[in-house]
Amino acid sequence: MSMNSFGHLFRVTTWGESHGPALGATVDGCPPGVKIDEAMIQHWLDKRKPGQNKFTTQRREADAVKIMSGVFEGQTTGTPIQLMIENTDQRSKDYGDIMDKFRPGHADITYWQKYGIRDYRGGGRSSARETASRVAAGGLAREAIKQIAPNVQITGYMTQIGPHKIDRGNFDWSQIEQNPFWTPDAKAAEDWATYLDGLRKSGNSVGAIVEVVARGVPAGIGAPVYAKLDTDLAAAMMSINAVKGVEIGEGMAAAELTGEANADEIFMGQNGPQYNSNHSGGILGGISTGQDVVVRFAVKPTSSILTTRKTITKSGEETEIITKGRHDPCVGIRAVPVGEAMMACVILDHLLLHRGQIGENRGHIG
């Protein structure tokens, strides 16, 4: 099996290839009665679509979503929802020179080794174009979350590009949608523009770190051991194309802390427990604490670059390769709305699981 589905109750199956006629998602388990239309989903797809500025691939796709089933008179019916996005700007001829070569850093070689066949036109299923399907499903998930937990807000942003990090002292939520990098640090956005423009012109690429925060998540969602909220979030983020590392809360930096520094002290507030810090990323024992849920993931540099690289052919001959075509100099930029979508899908899934098993939280404090 190729495992093209994720989720427990809110289950998403993505389909389609980068250079095929269309791609999309089949969503099962969405509650009935959720108000939805194509414009609601399109809002999120527009954040991800290519060709919006010089720092992303110049492939021109409208990414116009069509709802093919599961919605009647503007509301979900509780039956499977089919979302489709047509591909309109494929340039498959750009890949003719590499049909027998494996691109270093790409999944070409592993797809061939596993299946004995691969779609060399942009990578097929391994292309980041697949993530448009996830963003469409995430847009649907956001609308369903509004019904169940209306206080939840999900926001993603870039915190690092190459070696250049944001200054947390400059963090401003209002800046995130004011620059092409989705970063909360306006000064960093200026510096990154100069840095990335140089890389773009040289035909090179660079990696990035994206942080996604879910505010207003109620305490109690998630489960011990095998369906932990952080387990599913980590798997969801790691499944995004080009992601090579995931952290929850303090993440790897927790290894540098003492137990005294890492433990989030608890106090009693007027509306329940409060914490003096959030090293846990809003999750303890796989269950949400009521604090912000914080996930961070690292995106590797785009492997399609104009520098000549050594590789081999399907027949085992050594050769060289230059990857032509239209590619992101930093794929992390367009990974921001994808990370948001995956957060939305996982949060909704766990809200539904919690409602099915527990209903209202059983443990009360104070």
By the scheme Lys and Arg +1, Asp and Glu -1, what is the net charge of all other residues having a beta-carbon under 10 Å from that of N170? -1
State in Å² the accessible area per residue of the chain; use a 1.4 Å probe, count heavy atoms of protein chains only, and round to the nearest integer. 48 Å²
The chain - mean residue ellipticity at 222 nm from DSSP helices (-39,500 (n - 2.57) per run, n ≥ 4, rounded to 500): -8000 deg cm²/dmol
The set of residues whose placed amide H lies less than 5 Å from the amide H of Q75, leaving out same-chain residues fewer than 5 positions away, is I36
So which helices of the chain fit the span-like rule, where a helix is a whole DSSP H run, its Cα atoms reach 15 Å or more along the axis, and its mean Kyte-Doolittle is at least 0.0? 131-148, 332-357
Percentage relative contact order, the chain, counting C-alpha pairs under 8 Å, at least six apart: 22 percent
Just check the stretch 64-218 against the gyration tensor rule for me: Cα atoms, a ≥ b ≥ c as the square roots of the eigenvalues, rounded for a/c under 1.5, and otherwise prolate or oblate depending on whether a/b exceeds b/c. oblate
Between A255 and L306, with labels modelled 7 Å along Cα→Cβ, what's the label distance in nm to one decimal, could you check? 3.8 nm
Which of the lysines could be linked to K201 by a straight reach, that is with a Cα gap under 20 Å, when you skip same-chain ones fewer than 8 residues away? K54, K300, K324
Round to the nearest 0.05 the FRET efficiency obtained for F72 and S174 when R0 = 56 Å and r is the Cβ-Cβ distance. 0.90
For D28 paired with I365, estimate the spin-label separation in nm (one decimal), with each label point 7 Å from Cα along the Cα-to-Cβ line. 3.8 nm
Counting only protein heavy atoms, what percent of the accessible surface of the chain is carbon or sulfur at a 1.4 Å probe? 52 percent
What FRET efficiency comes out for N271 versus T110 if R0 is 56 angstrom and r is the Cβ-Cβ distance? Round to the nearest 0.05. 0.65
Tally Lys/Arg at +1 and Asp/Glu at -1 over every other residue whose Cβ is under 12 Å from the Cβ of K314; what's the total? -1
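The values are calculated or read from the model by the stated rules, or taken from the named source; none is laboratory data. This one's a predicted model, so the numbers in the text were calculated from it and none came from an experiment. Positions of Cβ are generated from backbone atoms using ideal geometry, with glycine treated the same way; all protein chains shown enter the neighbour counts. To get the accessible areas, we keep the full protein, side chains included, count just its heavy atoms, and leave off ligands, DNA and RNA. Shrake-Rupley method; radii C 1.70, N 1.55, O 1.52, S 1.80 Å.
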